[in-house]
Amino acid sequence: MRYAQTAAKTAGLTLDTVQIRNASDLETALPGLGPLHPDAALVIADTQLLAQRQRIVEFMNASRLPAIYAYSEFAEAGGLLSYSTDFDALFREAAVYVDKILRGTNPGDLPVQQPVKFKLMINLKTAKALGLTVPPILFAQADEVIE
């Protein structure tokens, strides 16, 4: 959150946070967004949130709150857009490492890898429902557009 706060400040934005530690926190956290009057929402990468994606997406869309999500499954579930690690590419790279280790490479000799491929998904149907126009530059960078 520290990095997100710094980035928001640099961009001249205010970042309000809502803490969600488990699924039951959604009961108060989602309605708690209302008094903050956000212009948009960022739903971070968290497996507990991923498990509740349909509920979260439905709330955001019903509230007409544009949101970006950290997993593509949110966009597939009707969320506006997602920008996430390309897990297929990440798993392929992991398989290469497993192969190297099984062929005798010492795991300590392999460099630590960070994700280098990311996936941008835009749900055009949701954008239209929210009355948003997606800029052409964003379309050009999208890996997948859901219509």
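General observations
- Ligands, DNA and RNA are left out, and with a 1.4 angstrom probe the accessible area of segment 82-138 is 71 Å² per residue.
- Each residue of the chain gets 153 Å³ once the volume of the Cα convex hull is shared out per residue.
- Using Cβ point charges alone (K and R +1, D and E -1), the dipole size of segment 93-147 about the Cα centre works out to roughly 120 debye.
- Taking N as its residue count, the alpha carbon Rg of segment 21-71 over 2.2 N^0.38 Å: 1.05
- 26 Å Cα cut-off, lysine pairs counted over segment 1-140 (separation 8 or more, or different chains): 4
- Centre separation in Å (Cα based) which lies between segment 10-80 and segment 96-147: 20
- When the chain is treated as a GNM with alpha-carbon contacts under 10 Å, the residue of 15, 120, 26 showing the greatest mean-square fluctuation is 15.
- The equivalent ellipsoid that matches the C-alpha gyration tensor of segment 1-86 spans semi-axes of 19, 16, 13 angstrom, in descending order.
- Short-range pairs are left out: with C-alpha atoms under 8 Å and at least six residues apart, the relative contact order of the chain is 17 percent.
- Rounded tilt (10° steps) of 53-62 against the dominant C-alpha axis of the chain: 30
The values are calculated or read from the model by the stated rules, or taken from the named source; none is laboratory data. Bear in mind that the values here come from a model prediction, so they are computed numbers and not experimental data. Ideal geometry is used to build each Cβ from the backbone, glycine not excepted, and the neighbour counts take in all protein chains shown. Each accessible area value is taken on the protein alone, full model and side chains, heavy atoms only, with ligands, DNA and RNA left out. Shrake-Rupley method; radii C 1.70, N 1.55, O 1.52, S 1.80 Å.
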